[in-house]
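Here is the structure we will look at.
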Amino acid sequence: NTTTHQVSNLCTCNDTWELLIMAHVQERRRGALSSAIAAGVLGNSDESATAMFMDLDVLHGTIAALKRAPFPPGTLHTFAIKANPVGRVLELMRDAGLGAEVASLGELRQALACGFHPDRVVFDSPVKTREELRFALRAGVRLNLDNLQEVQRVAELLSAEPELLDSTTGGYSTAGPRLIGLRVNPQVGEGRIAALSTAGKVSKFGTPLLEHRRELLAAFADHPWINALHLHVGSQGVPLELTVEGVARVADLAAEVETAAAAASAAYGNGGGRRRIMALDIGGGLPVQYGDDDLGWLLGSANATAAAGSALAPPTETVVSIFERYASMLRQRLPYLFAGCDGSSGNEIAAAAATTNDTNLNRTPPTTNALTMAPQLVTEFGRCLVAKSVFAAGRVEYSKLCGGRRVVVSGLGGDLLLRAVYLPDTWPVRVELYDNAGHTKVCGTAASATDKGEVADDVAEADKSESSEPGSLLPTDVVGPLCFQGDRLAEAMLLPPAHPGDWIVVPDVGAYCLSMYSRYNSRCSPSVWGFWRRRQYATRQEETAAEVMPAVAAAVAPAAVTATPTEEGYSLPAVWAASSSSSRGEGGGGVEEASGQDYDFVLLRRGETVEEVLAFWNLV
């Protein structure tokens, strides 16, 4: 897996330590699964035969790692709602201090309904109608315009309705002017996955910088209400170096805008004018390591110390979270964005300007003096905040032998795991098998082509009968419920026999799974439960992990939760306790909780009913 290697190379650490942390995460997943079964939230009916489970401790630990990263003070970190639009997940993000990035009218309304302040909501989309633009302007959210035609469309709206720029529009007041940005394609190239790379020579997003630099500068000169810049290089498979280069190119454009504004206005810099670029939105796109349960690359180990007398050595090298690494790379490449932070000096800025590589731009490097007062930085992280915190579980319904393989059928398939099924080479998933009580049977890997040939003879006899030795490994296809042959999560994976009532588990499904749910075959989407481990059930494994790696162990233990839990339970948003229907239009409101053996659960989203699915098709 290329992405796994890209990320793993950033965080070399002691093998014993890494294996300990991965075993700790695996044990949490097993414990949560068995607790969910025991508590009756999983498997007690057909409606609970599939479900998703979000580890709230890991979620809050990830957010804490983001907040620890050395981004400039005042940076607005927004959560890309497209990654996981579940309302109660968004409310957790809001309470943790994050804003929201939205890419449609539906996502915009979801963010507002979930209580995000409009000034902390960023509306991006390559297709915004006039009415959607008017709605956004009236709501008072930040707006990033995709192209120069959209700039003209907004100019026409503002000419007809100048009150749309009022800072109190929508019932909210803002401290400064409305933030309206222009998206630029820095054209730095594509990453490993072309479909997720947005800064190639040709892209559906933004105005191409290398071809339309003059027009971009003219847009700022002609429209004083444009006061921000936006870019996004890509997601998953895009190296950090490419992302940083994209930010650098757009930051150079920002400096040119400031220089032009200074030349055009005698008031600039003398207290009578305002800087032109108030915010620089650098997008998101940090890659996720899907191949294992290592969390070091995500959470970091800045505070790691070995407890006295510990038999296990700490990592041989400090593990830096991907957020910290990204912020540090930005500062090294673009120190003027960090002016005034931790003693950043004019000499540091000048040195960076002297060493900036502009050979690809065929132009003179711009002066950075115009950016000595840095704009607010805005990020739009999605996948990296939630992917690792969620696993999906599907009950095994049938198991049969066919052509030398076992075929195991569960409710997990291409409706929920759309990319994994339709693009398995790009988006492989890990598949785990548990028994009907949630005890691990095996965590395997897909067999190679050679392996498939070697085991074929071994299973010839097993093909004659469903019975086999309890511990025997057979090449197994793990398939889903959809009506096409390709609905497959694993092929020829070596597994012991699976039986109806066992459980298939797929980790790392917190991002772009439920949000991409397919309506094919009209199946009901699953419920989503949050869970956390009760303090009094700490295991020796957790204690050892805390000794070896406090930062990571704490991030996956209740003590790291931003909303500190009481000894009795986890602190949940007070609004969840409301007995009436919420503004999002949910059916009931209130909080549904359950307790298992070692873990507590709260319902974040109930699963759909068949009637609700049919209503989707019968809207007339």
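Among the residues making up region 119-138, those that are in a helix (DSSP H, G or I) and touching a strand residue (DSSP E or B) at 6+ places or on another chain (Cβ under 8 Å) are 119, 120, 133, 136, 137. Only residues that are farther than 20 Å from residue 265 by Cα and in contact with an Asp or Glu (Cβ under 9 Å, 6 or more places away or on another chain) were counted in region 210-236, giving 7. Filtered by the rule that a residue be modelled with pLDDT of 80 or more and small (Gly, Ala, Ser), region 202-236 gives 206, 218, 219, 221, 228, 234, 235. Selection of first residues in region 390-402 that are in contact (Cβ under 8 Å) with a residue 40 or more places away in the chain and of second residues that are among the basic types (Lys, Arg) and in a strand (DSSP E or B), restricted to Cβ pairs under 7 Å at least 6 apart or on distinct chains, gives the following pairs, ordered by first then second residue: 399/406. Here is the figure for region 202-218: residues that are of a type in the set (A, V, I, L, M, F, W, C) and not in a helix (DSSP H, G or I) total 2.
Only one entry in 610, 620 is modelled with pLDDT of 70 or more, β-branched (Val, Ile, Thr) and touching a helix residue (DSSP H, G or I) at 6+ places or on another chain (Cβ under 9 Å), namely 610. Here 109, 28, 88, 94 are screened, and the one residue that is among the basic types (Lys, Arg) and at pLDDT below 95 is 28.
Kindly check whether there is at least one residue in region 183-201 that is modelled with pLDDT of 90 or more, of a type in the set (A, V, I, L, M) and either under 15 Å from residue 281 (Cβ atoms) or part of a helix (DSSP H, G or I) (or both). Scanning region 183-201, I find at least one residue that is modelled with pLDDT of 90 or more, of a type in the set (A, V, I, L, M) and either under 15 Å from residue 281 (Cβ atoms) or part of a helix (DSSP H, G or I) (or both), so the answer is yes. Cβ-Cβ distances below 9 Å connect the following pairs, each with a first residue in region 113-124 that is surrounded by 23 or more Cβ atoms within 10 Å (Cβ to Cβ), a second residue that is of a type in the set (D, E, K, R) and part of a loop (DSSP other than H, G, I, E, B), and a separation of six or more residues or different chains: 114/584; 124/146. Number of residues in region 396-427 that are surrounded by fewer than 21 Cβ atoms within 10 Å (Cβ to Cβ) and in contact with a strand residue (DSSP E or B) (Cβ under 8 Å, 6 or more places away or on another chain) equals 8. Restricting to region 141-168, count the residues that are assigned to a loop (DSSP other than H, G, I, E, B) and touching a Lys or Arg at 6+ places or on another chain (Cβ under 7 Å). Total satisfying the criteria: 2. Taking region 411-426 as the range and being part of a loop (DSSP other than H, G, I, E, B) and touching a residue at least 12 places away in the same chain (Cβ under 8 Å) as the test, the residues that pass are 411, 412, 413, 414, 415, 416, 417, 424, 426.
Here's the yes/no breakdown for (1) of a type in the set (D, E, K, R); (2) over 24 Å from residue 321 (Cβ atoms); (3) not in a strand (DSSP E or B):
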site	(1), (2), (3)
57	yes, no, yes
64	no, no, yes
79	no, no, no
90	no, no, yes
93	no, no, yes
116	no, yes, yes
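Filtering region 89-98 to residues that are buried (at least 23 other Cβ atoms within 10 Å of the Cβ) and either over 20 Å from residue 283 (Cβ atoms) or of a type in the set (Gly, Ala, Ser) (or both) leaves 89, 92. For region 67-81, residues that are surrounded by fewer than 24 Cβ atoms within 10 Å (Cβ to Cβ), within 26 Å of residue 509 (Cβ to Cβ) and touching a helix residue (DSSP H, G or I) at 6+ places or on another chain (Cβ under 6 Å) total 1. Exactly one residue out of 545, 553, 511 is modelled with pLDDT of 90 or more and either in a helix (DSSP H, G or I) or buried (at least 21 other Cβ atoms within 10 Å of the Cβ) (or both), and it is 511. Only one entry of 334, 286, 298, 385 meets the criterion of being touching a Leu at 6+ places or on another chain (Cβ under 8 Å) and modelled with pLDDT under 95, and that entry is 286. For the structure I just gave you, tell me whether residue 262 is at pLDDT below 90 and either assigned to a helix (DSSP H, G or I) or closer than 22 Å to residue 76 by Cα (or both). It is true that residue 262 is at pLDDT below 90 and either assigned to a helix (DSSP H, G or I) or closer than 22 Å to residue 76 by Cα (or both).
The values are calculated or read from the model by the stated rules, or taken from the named source; none is laboratory data. The shown structure was predicted, so the numbers you read here are calculated from the model rather than taken from an experiment. Note that we place each Cβ from the backbone using ideal geometry, even for glycine, and neighbour counts take in every protein chain shown.
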